1. Find the residue count for the stretch 203-219, including only residues that are acidic (D, E) and without any contact (Cβ under 8 Å) to a residue 12 or more places away in the chain.
2. If I140 passes every condition in (1) more than 27 Å from S42 (Cα to Cα); (2) open to solvent by 30 Å² or more (accessible area, probe 1.4 Å); (3) among the β-branched types (V, I, T) but one, which one does it miss?
3. When the stretch 59-85 is examined, which residues are found to be within 21 Å of N123 (Cα to Cα), assigned to a helix (DSSP H, G or I) and out of contact with any Gly (no Cβ under 7 Å at 6 or more places or on another chain)?
4. Mind listing whichever residues of the stretch 327-340 are open to solvent by 30 Å² or more (accessible area, probe 1.4 Å) and in contact (Cβ under 8 Å) with a residue 12 or more places away in the chain?
5. Across the stretch 189-203, what is the total count of residues that are open to solvent by 10 Å² or more (accessible area, probe 1.4 Å) and aliphatic (A, V, I, L, M)?
6. Please find, within the stretch 242-271, the residue that is least open to solvent (accessible area, probe 1.4 Å) out of those that are assigned to a helix (DSSP H, G or I) and among the β-branched types (V, I, T).
7. List the helices (runs of 4 or more DSSP H) that sit entirely inside the stretch 112-202 and contain at least 2 residues that are without any contact (Cβ under 8 Å) to a residue 40 or more places away in the chain, closer than 22 Å to N218 by Cβ and touching a helix residue (DSSP H, G or I) at 6+ places or on another chain (Cβ under 8 Å).
8. Looking only at the stretch 153-179, count every residue that is β-branched (V, I, T) and touching an Asp or Glu at 6+ places or on another chain (Cβ under 9 Å) and tell me the total.
Amino acid sequence: MTAAEIIKDLKSRKYKPVYLLHGEESFYIDQVTDFIEDKLLSDAEKGFNQTVLYGKDTDMATVLGAAKRYPMMAEYQVVIVKEAQDLKWGKEDAGSKEAEFVLNYFEKPLPSTVLVMAYKHANFDKRKKIYKAIAKSGLIFQSDPIRDYKIVAWIEDFIREKGYKVDQQASALMAEYLGTDLSKIANEIEKLMLNVSKETVINADLVQKNIGISKEYNVFELQKALAIRDVLKCNKIINYFASNPKANPMVMVLANLGGYFTKLLKYHYVPNKADAASVLGVPPFFIKDYEVAARNYQPGKVFQVISLLREYDLKSKGLESSGNVGDGELLKELIFKVIH
């Protein structure tokens, strides 16, 4: 089930006694957890029937002790364990009373309790008996990271669901600048929406104004300058990045350039260029930029650039010697080698 399908069932009061929400992408885990915390019980019922615990501050005995209670003046009680990846789930030693106590509950959970285990930033071990027990008695949702080529479509869907409109250039700019962290993207979009009416189409200018992206000096513009080998503009952008390292961290710049040149390499090997937009996962109007870049960067050069990006990524992280050179100087050095 998707997060949307889980929430749809919850709205219809189709509850499971145990929810194990796990995975590397926290956005959907938070979305389901927040809905259960906010909506399952009325405000009057929450006082006696809702318990929120945190994995690092509790243990399994406390969690299951709360789960085994019966609701007071309500049909259900809710027990939520946030940051459940920090919880000591207990060993599964054969014959262990602790293991038996824990497993017994997950095999036969109390129907009047909705127990939510929000296990974030990692996948739960599917080999564990607890996992298999929850799979039979409750619901398991795995939240995987979204692929970078799907981010533009995700942004457009998210904005549409909120009742707003966005053009493709604006969604592409956000995808390039904000990366793949869905929680970060959602937060920035929601802040933007506070300053935009639903009748207004969100465009690149609004994105640059409200999300703190410089109109002239951003990774998006750097890619375009590199594509046409505009040395002067590249240097202006890099100097701006060096002066504003917090807004333009080198790790983000390198990640974006890595994605760009990887797509450029794919473009070279697309047999039918009419299919390039779908193969690269970019809006069709960007393909002209890739056509220009492909003329300026033959496949051999693109391979060299990707190798350079990896080299300078290691240097920026101190894994390869770069002396006492700062990120700004490393970036200038890298861009010079890319263009030349």
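1. The number of residues fulfilling the criteria is 1.
2. (1)
3. V63
4. Hits for the stretch 327-340 are D327, E329, K332, E333, K337.
5. Going through the stretch 189-203 one residue at a time, the tally reaches 4.
6. V253
7. Passing ranges, in order: 151-161, 168-178, 182-193.
8. Adding up the residues that qualify gives 1.
The values are calculated or read from the model by the stated rules, or taken from the named source; none is laboratory data. Given the structure is predicted, the values throughout are model-derived calculations rather than measurements. Counting neighbours? That spans all protein chains shown, and the Cβs are built from the backbone with ideal geometry, glycine included. Just the protein is used for accessible areas: all its heavy atoms, side chains included, with ligands, DNA and RNA removed. Shrake-Rupley method; radii C 1.70, N 1.55, O 1.52, S 1.80 Å.
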